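Beneath this line is the structure, given in structure tokens, with notes to follow.
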Amino acid sequence: MTISYDDFARVDIRVGTIVAADPFPEARRPAYKLSIDFGPEIGVKRSSAQLTEHYQCDALVGRQVAAVVNFAPKQIGRFMSEVLVLGFPDEAGAVVLIGPDHPVPNGGKLF
């Protein structure tokens, strides 16, 4: 199935820097609670992310990631996830994050 560029442009994918990462033991699947700074236009948003296979909380802080910022918030237990952090599955299906390979300003839009 193909989509138009206008369809792609409706998905708002931005870069942000993880400013806090905490365990999320209440989640059904192992996950972390992330706070991500998307710059002055969007601010700090929260996300639940299943990253426990390849990442430790302290190593995530300061890392830039890509996330969809215009999905509706999703309630995950007592936690409201506001953005979807993006990654690819490894051979076993565990998430490997995507992000810029050089620092860029928070809030930059993917094009």
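The values are calculated or read from the model by the stated rules, or taken from the named source; none is laboratory data. Model, not experiment: these values are computed from the prediction. Heads up, the Cβs are rebuilt from the backbone with ideal geometry, glycines too, and the neighbour counts pull from every protein chain shown. Please note that ligands, DNA and RNA were not included when accessible areas were found on the heavy atoms of the full protein model with its side chains. Shrake-Rupley method; radii C 1.70, N 1.55, O 1.52, S 1.80 Å.
Quick notes on this structure:
- Span from the the range 15-45 Cα centroid across to the the range 50-79 one, whole angstrom: 4 Å
- Computed with a 1.4 Å probe over protein heavy atoms only, the accessible area of T52 comes to about 50 Å².
- Straight-distance candidates among the lysines for linking to K74, with alpha-carbon spacing under 20 Å and chain neighbours fewer than 8 residues away dropped: K33, K45.
- Environment charge at V96 (Cβ cut-off 15 Å; Lys +1, Arg +1, Asp -1, Glu -1): -3
- Neighbours of L60 by Cβ distance under 14 Å: Lys/Arg scored +1, Asp/Glu scored -1, total -1.
- Total charge dipole magnitude, the chain, about the Cα centre, Cβ charges on Lys, Arg, Asp, Glu only, Debye to nearest 20: 340 debye
- For the chain, the residue among I13, P30, A94 whose Cα projects farthest onto the positive side of the dipole built from Cβ charges is P30.
- Per-residue [θ]222 nm for the chain (sum of -39500 (n - 2.57) over DSSP H runs n ≥ 4, rounded to 500): -2000 deg cm²/dmol
- For the chain, the Kirkwood hydrodynamic radius from C-alpha pairs, put into Stokes-Einstein at 20 °C and a viscosity of 1.002 mPa s, yields a diffusion coefficient of 148 µm² per second.
- Computed on the chain, with alpha-carbon pairs under 8 angstrom and 6+ residues apart, the relative contact order is 31 percent.
- Counted charge near I42, where neighbours are those whose Cβ lies closer than 15 Å (Asp, Glu -1; Lys, Arg +1): 0
- Backbone N under 17 Å from the R63 label point (7 Å along Cα→Cβ), restricted to the range 20-45: 20-24, 30-38
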